[in-house]
Amino acid sequence: MNEPVECIRCHTRMEVGYVPDGTHSGFQRQSWFPGEPKPSFWMGLKLKADQLVPVTTFRCPKCGYLESYGVPPTARDR
């Protein structure tokens with residue numbers, strides 16, 4: 001998302017960021033995955049990496065409201 005996002009509560013321009021997910025080996029960016037979760041004995045969940053969509057979260061510096069978007073990366077972003 002390249003366009004500025006405005007807070008729906010106080011109409012202040014929001015700042016871009018992300019919510020890190022903790023893993024056994026550190027932290028990674030939060031992702032969205034389509035469908036219902038399917039358990040995996042070894043990995044916790046069965047996922048296909050090509051279907052993961054990174055989540056971008058915007059935060060209002062005035063009121064603290066968070067708003068998240070799952071926008072697939074474009075070829076330019078990679």
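Once R0 is set to 35 Å, what does the formula 1/(1 + (r/R0)^6) return for the Cβ-Cβ distance between THR12 and MET43, expressed as a FRET efficiency to the nearest 0.05? Mind dumping the intermediate values first?
Details: r = 40 Å, r/R0 = 1.15.
In this case the efficiency is close to 0.30.
PHE58: net charge of surrounding residues, Cβ under 10 Å, Lys/Arg +1, Asp/Glu -1, itself excluded? Intermediate results must be reported in sequence, preceding the final value.
Working: positive: ARG13, ARG59; negative: GLU6, GLU15, GLU67.
Counting the neighbours of PHE58, the net charge comes to -1.
Which whole-number percentage describes the relative contact order of the chain, with Cα contacts under 8 Å and a sequence gap of 6 or more? All intermediate terms of the calculation are to be shown ahead of the outcome.
On the way: 110 pairs, mean separation 23.3, N = 78.
This gives 30 percent for the chain.
When averaged across all projection directions, what area in nm² does the alpha-carbon convex hull of the chain cover? Don't jump to the answer; show the numbers that get you there.
Numbers: hull surface 27.1 nm².
For the chain, the mean projected area of the Cα convex hull comes to 6.8 nm².
With a sphere of radius 13 Å drawn around the Cβ of GLU15, what net charge do the other residues whose Cβ falls strictly inside it have (Lys, Arg +1; Asp, Glu -1)? Provide the component values of the computation, followed by the final result.
Working: positive: ARG13, ARG59, LYS62; negative: GLU6, GLU67.
Local net charge: +1.
Order the peptides 39-49, 25-35, 7-17, 53-63 from the highest to the lowest mean number of other Cβ atoms within 10 Å of their residues. Don't skip to the answer; put the middle values down first.
Numbers: 39-49: 8.9, 25-35: 11.1, 7-17: 13.0, 53-63: 15.7.
Top to bottom by mean Cβ count within 10 Å: 53-63, 7-17, 25-35, 39-49.
Below 26 Å, Cα to Cα, which lysines can LYS38 reach? Residues fewer than 8 away in the same chain don't count.
Partners found: LYS46, LYS48.
No value in this document is a laboratory result; all are computed from the given coordinates. Given the structure is predicted, the values throughout are model-derived calculations rather than measurements. As a convention, Cβ positions derive from the backbone with ideal geometry for all residues, glycine included, and neighbour counts pool all protein chains shown.
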